[in-house]
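Please treat every number below as a calculation from the coordinates, not as lab data. As the structure is a computational prediction, the values presented were derived from the model and not from experiment. So basically every Cβ, Gly included, is an ideal-geometry build from the backbone, and we count neighbours across all protein chains shown.
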Amino acid sequence: MNHTVAELRNKLNQLKDENERLRKEYRSIVDNSLDAILLTSPDGRVHFANKAACSLFQMTEKEIIEGGRMAVVDEKDPRLAPALAQRQRVGSFRGEVNFKRKDGTIFPGDVSSVIFEDSEGQPFTSMIIRDLTQIRKKERNLKESELLLRSVFNALDEAVFVVTLDRKILSMNKSAELMFGYSYEKIAGRSTEILHVDFEHYKTFSNYVAATLINGQTANFEFEVKRKNGEIFLPITLCLY
């Protein structure tokens, strides 16, 4: 079918309008992403940075594009070269690499990056970056809290065991090791049967304990227990919560 020049020109304009509409929609979606997104080339050039990337790196899109990859990546991070090598070798990389802000602040980032080709066969790379600063801070705080809790746990004069409802020993403090004669390494994961003179009585008690704990109550009980050498204790108080 033959087309006039005017028809062809009109069709071309329609295609341009559609392409511009799709470009704006794409930009809108990417700019409203909570994660930083960069469109780059394998050689390190940056072609596009979304709003989240500008906010993350404290730069304008123009500054990021002009600075290239090395303006936002910590070139001293020993993980950078292996990450780039892996992406080049297999076409993608997902892991942690250090990045830097405009003021020079270094921060850890989780990055997903892939190599792809455009419609003309030109290679490009995408980078999706998530700031891990707060996550790492929470991990450090949790570790510090765990260390503090462990210190208090081991400083108690009372013997303390952490036991599952099916009677498996998860943890014990230093006083428990001294009182019963078992090291944690030898007793971890084993049944509390080895601590009790009458384990059948204890199993009946355990079923009651499970119901008590599920209901959010606490309970105190007395039991005869034995040391590693077989010596039997006088009844001790067992507290559950």
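Worth a mention:
- The range 42-136 shape via C-alpha gyration tensor axes, a/c threshold 1.5: oblate
- By the compact-protein rule of thumb, 2.2 N^0.38 Å, the alpha-carbon radius of gyration of the range 31-75 corresponds to a ratio of 1.02.
- Per-peptide packing, taken as the mean over residues of other Cβ atoms within 10 Å, places 64-72, 85-93, 112-120 in the sequence 64-72, 85-93, 112-120 from highest down.
- Across the range 179-194, coupling constants 3J(HN,Hα) worked out from phi with the 6.51/-1.76/1.60 Karplus curve, θ = phi - 60°, read 5, 9, x, 9, 8, 4, 4, 7, 10, 4, x, 8, 6, 5, 4, 5 Hz, and Gly and Pro carry x.
- Amide H contacts of F99: D74, F107, G109, each under 5 Å away and 5 or more positions distant or on a separate chain (H built 1.01 Å from N in the peptide plane; Pro and chain starts excluded).
- Peptides 38-44, 125-131, 171-177 ordered by packing proxy, namely the average of other Cβ atoms within 10 Å per residue, highest first: 125-131, 171-177, 38-44.
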